[in-house]
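J.: Before I ask anything, here is the structure I am working with.
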Amino acid sequence: MKYLFKKMGLSLAIASSLMALSAPSFCADPMAIGKTTSVANIQGLERIQQTLVTPPFFPEHNQVADGSAKIVEITMDIIEKEMEIAPNVFVHAMTFNGTNPGPMIVAHEGDYVELTLNNPKTNAMVHNIDFHSATGALGGGGLTHVAPGEQVKLRFKATKAGVFVYHCAPGGLMIPYHVVAGMNGAIMILPRDGLKDNNGHPVTYDKAYYIGEQDWYIPQDKNGKYKRYDGPIVAMADTMEVMKTLTPTHLTFNGKVGALTGDNAMTAKVGETVLFVHSQANRDSRVHLIGGHGDLVWRGGSFNDTPATNLETWAVAGGEAVAATYTFKQPGLYAYVNHNLIEAIMLGAAAHVSVEGEWDNDLMEQIQKPSPIE
């Protein structure tokens with residue numbers, strides 16, 4: 001292995017460090033920790049297979065749980081691949097299911113989520129998954145280390161209702177490197193009786209979109225041109241030097257500058273209520289819907305807490321997801337942005353929502369077109 005790293009141009013010291021960092025820093029064995037609780041009571045639960053889809057879309061799901069708790073089965077493949085995150089700017093990303101962010105997962109409080117995680121032999125790195133929604137063993141990270149060519153299965157009970165980040169966390173410096181190389185996503189655990197507003201009344205949504213904000217740290221050569229690498233191991237040393245500055249070179253919504261604009265804009269109609277889930281696995285953000293509001297915002301992503309109402313901008317702390325709803329009242333193009341506008345406009349953290357319907361002059365009207373000053 002050291003020979004392979006050296007052949008890639010890395011020093012023996014760096015190669016040794018990479019090997020150490022790739023190894024699990026913690027691997028939990030429940031039998032070794034202490035007495036375990038029987039799980040025989042779940043054997044009779046209904047199993048449902050959830051088909052994951054590419055963000056910003058959600059998998060098919062019920063907003064109110066259908067009957068008793070279920071086992072929600074999902075499968076994800078770890079894919080290391082080159083991605084173009086901006087015109088002629090490339091990163092050798094590490095991903096869940098080939099996308100940044102990884103796919104949205106949906107279950108209900110009290111359900112069990114059962115994941116099969118595959119690390120194809122074509123990959124170069126050890127990976128795992130840490131669910132912020134799970135309890136114990138580093139969110140499952142201590143039980144899911146998989147080398148190339150391996151698969152692992154994990155089941156956890158969804159005990160907390162809300163929206164949560166998941167990400168790769170292999171140990172040591174590999175944790176931030178894998179996260180900023182794109183390996184993160186979100187899971188939504190709905191209350192069994194559905195969402196509630198600030199007065200405790202039921203809330204439903206007509207559409208749901210998942211926006212994963214990603215900070216990227218792309219090395220540049222002496223002429224200022226962004227470098228391109230053959231794989232994540234080769235890119236690691238240079239990328240970590242940029243990471244140390246804590247200053248991203250690019251910020252994206254859903255993996256690429258412009259991924260949710262133009263023809264790829266999110267869509268809605270006047271009168272529709274849209275649920276937006278926004279995650280940032282590494283860095284603080286702040287969401288603003290230009291021309292709209294956060295009618296209901298579940299700060300910190302917790303559905304068991306009373307939502308805030310009528311917010312103009314809402315915070316997303318690094319390492320969390322936040323949910324918000326808005327019922328559109330006017331047609332047109334809305335900008336959905338990180339309201340550090342430098343980051344939105346200059347680095348790429350912006351999206352669009354294209355809304356159809358009839359204009360309401362009572363809400364807004366241009367009463368004089370631009371003309372010479374009288």
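J.: If you take the residues in the range 224-281 that are in a loop (DSSP other than H, G, I, E, B) and in contact with a Pro (Cβ under 7 Å, 6 or more places away or on another chain), which one is nearest to Ile211 (Cα to Cα)?
T.: It comes out as Asn254.
J.: Of all the strands (runs of 3 or more DSSP E) wholly in the range 58-167, which have at least 3 residues that are surrounded by 20 or more Cβ atoms within 10 Å (Cβ to Cβ)?
T.: Filter on the range 58-167 gives 70-86, 89-96, 105-108, 112-119, 162-167.
J.: A follow-up question, please. With respect to Glu365, determine if the residue is at pLDDT 95 or above and surrounded by fewer than 16 Cβ atoms within 10 Å (Cβ to Cβ).
T.: yes
J.: So Pro176 clears everything in (1) closer than 30 Å to Asp295 by Cα; (2) touching a residue at least 12 places away in the same chain (Cβ under 8 Å); (3) not in a strand (DSSP E or B) except one condition, right? Which one?
T.: With (1) closer than 30 Å to Asp295 by Cα; (2) touching a residue at least 12 places away in the same chain (Cβ under 8 Å); (3) not in a strand (DSSP E or B) applied to Pro176, the lone miss is (1).
J.: Given the criteria out of contact with any Phe, Trp or Tyr (no Cβ under 7 Å at 6 or more places or on another chain), among the hydrophobic types (A, V, I, L, M, F, W, C), within 29 Å of Lys160 (Cα to Cα) and modelled with pLDDT of 95 or more, does Trp298 qualify?
T.: Yes: the conditions hold for Trp298.
J.: Could you look through the range 179-221, keep only residues that are basic (Lys, Arg) and either assigned to a strand (DSSP E or B) or modelled with pLDDT under 95 (or both), and pick out the one that is nearest to Val89 (Cα to Cα)?
T.: Lys207
J.: Which ones in the range 170-208 are among the aromatic types (Phe, Trp, Tyr) and out of contact with any helix residue (DSSP H, G or I) (no Cβ under 8 Å at 6 or more places or on another chain)?
T.: Result: Tyr205, single match.
The values are calculated or read from the model by the stated rules, or taken from the named source; none is laboratory data. Every value quoted in this text rests on a predicted model; they were computed, and no experiment measured them. Reconstructed Cβ throughout: ideal geometry from the backbone, glycine too, with neighbour counts over all protein chains shown.
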